[in-house]
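Read the figures in this text as sums done on the coordinates, not as results from a lab. Bear in mind the structure is a predicted one, so any value in this text is a computation, not a measurement. Cβ atoms come from the backbone with ideal geometry, glycine included; neighbour counts cover every protein chain shown.
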Amino acid sequence: MKNKEANSAISGKGDSFGTLLIHNGHETDPVTGALGTAIIQTSTFDQGDLSEEREFDYARSGNPTRKALEETIALLEGGEKAYAFGSGIAAVSSCLGIFSAGDHIIAAEDIYGGSRRILNTFYKRWGMELTAVDTTDSENIRRAVKSNTKALLLETPSNPLLKITDLKTCLDFARDAGLISIVDNTFMTPYFQRPIELGADIVVHSATKFLGGHSDVISGLAVTRTAELGDKVYAVQNGFGAVPGPWDCWLILRGIKTLKVRLDAQQASAIKIARYLSTHKNVEAVYYPGLDNHPGKTIHDAQSTGPGAVLSFKTKSAEHALRFLGQTRLAASAVSLGGVETIASYPVRMSHASVPVEERRRLGITDSLIRISVGLEADDDLIEDFNHALE
Ligand SMILES: *Cc1c(COP(=O)(O)O)cnc(C)c1O
């Protein structure tokens, strides 16, 4: 029911989300009638005798294939404007590019490691200030606000421990305090969670993950609630120039068409696997918002329509974890997530290797922790494989 209401809210005419993935204004090429969007592989566009201003002039500033992707994600997230980038981190850094020296940003302490790194290095060097807090308690955000605070950067569920932040409460607070709120919605995608409807100003994505969905392209997206904010992000997109090529945009567009069926299947398997792991004698803890014992489940259920396809778990020791990674036959031991292939990653040596050991320990990211992005393999095969790898 909730899904249905949210779905009609985004389309305005009652088309459900699954239909919008296929019929969103870009299902046929207006010139040839071809099904799908044309890949316009060009760097520049003929301007004729210059008597009229044409929509496209240079492909850093705009490209029709990229425009189709940008309009599609704006529709799906319920924003006014969207901009595509050469990677997820390019989307994040370009959105941060709208701020100025002297501005203070509050971010969740467990945002994507690369986002934290650019804030602690480049943006710090350019005069911006970061305070990282545990946003699972919104009071921590309130306490961190200073006179120069300009933005709030959130991510929920977080990585790799799937902690839940109450979006509505935090985004309401940001609006009242005059902060621009940015939500990284990579783990959920607009199928499960639409932060703009909950009050976010900007939604960012690593489209490399679920939106692309096939582990074959690096890309990023930013969607803005308002056209004014969109103009600011566009100035950075065009000015910094971290744009994706048309082939990459086309791959994300193709991936988006199957987002719902992929996520439905991957989530169903993830639920089954999380339950299975919870009962295994060599598993100490399972972190997944689809489990009844997850501390953030009530909040997550209220702000999203599903727990998604990423979970993590702690084995008995580092040796157990490394043996699991070596023994699993179906899961790739790799960074990244959101593809059709199941991926097992080892945060202490991969995504969180650059986080100091004491900080990792404080956050609960131990050397016995494994993160799983559940793919499209048969769930029984995955469980049998994991069973073997855990022995
Ligand atoms: C992967 C990821 C990013 C970075 O995206 P890239 O496409 O690798 O640059 C940002 N946020 C989250 C949550 C991610 O998982």
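What ranking, highest mean first, results for peptides 304-314, 179-189 when packing means the other Cβ atoms within 10 Å averaged over each residue?
On the way: 304-314: 24.8, 179-189: 26.5.
In descending order of packing, they fall as 179-189, 304-314.
Just how many pairs of Lys in the range 240-387 have C-alpha atoms closer than 18 Å, counting pairs that are eight or more places apart or on different chains? Don't skip to the answer; put the middle values down first.
Working: Lys272/Lys281; Lys272/Lys297; Lys272/Lys314; Lys281/Lys314; Lys281/Lys316.
Eligible lysine pairs with Cα atoms under 18 Å apart amount to 5.
Ranked by the mean number of other Cβ atoms within 10 Å of their residues, highest first, the peptides 352-362, 144-154 come out as 144-154, 352-362. Computed from Cα atoms, the angle from the helix 227-240 axis to the main principal axis of the chain rounds to 90 degrees.
Between Ala174, Val374, His294, the Cα set farthest toward the positive side of the dipole of the chain (charges on each charged residue's Cβ, about the Cα centre) is that of His294. Considering all different alpha carbon pairs of the chain, the Kirkwood hydrodynamic radius works out to 21.5 Å. Relative contact order of the chain: 16 percent, from C-alpha pairs under 8 Å at least 6 residues apart in sequence.
Sequentially through the range 144-151, phi angles give Karplus couplings (6.51, -1.76, 1.60; θ = phi - 60°) of 8, 5, 10, 5, 9, 6, 10, 8 Hz, Gly and Pro residues having no value and appearing as x. Between the range 227-244 and the range 173-211, the C-alpha centres lie 17 angstrom from each other. Just report the Cα centroid separation between the range 355-371 and the range 124-168, whole Å. The range 355-371 and the range 124-168 have Cα centres separated by 19 Å. Sequence-distant contacts, meaning Cα pairs under 8 Å at least 6 residues apart, place the relative contact order of the range 259-390 at 29 percent.
Over the range 259-390, the Kirkwood radius and the radius of gyration, each from Cα atoms, give a ratio Rg/Rh of 0.95.
Candidate cross-link partners of Lys150 among the lysines, defined by an alpha-carbon separation under 17 Å and a same-chain spacing of 8 or more, comprise Lys124, Lys232. Histogrammed with a bin width of 10 Å, the alpha carbon distances of the range 196-271 distribute as 17, 38, 35, 9, 1 percent, first bin at zero.
Using the per-residue mean of other Cβ atoms lying within 10 Å as a proxy for protection, in what order, highest first, do the peptides 75-87, 259-271 fall? Don't jump to the answer; show the numbers that get you there.
On the way: 75-87: 23.2, 259-271: 19.5.
The most tightly packed comes first, giving 75-87, 259-271.
Any chance you could give the angle, 0 to 90 degrees and rounded to 10, that helix 318-327 forms with the longest Cα principal axis of the chain? Taking the Cα atoms of the chain, the angle to 318-327 is about 70 degrees. Give the aspartates and glutamates reachable from Lys67 as a straight Cα distance under 15 Å; neighbours fewer than 8 places away on the same chain don't count. Within reach: Glu27, Asp29, Glu55, Asp57, Glu80, Asp231, Asp248.
Proximity of backbone amide H atoms, modeled 1.01 Å from N, is registered between Glu80 and Thr224, Arg225, Thr226 at under 5 Å, excluding neighbours fewer than 5 places apart on the same chain.
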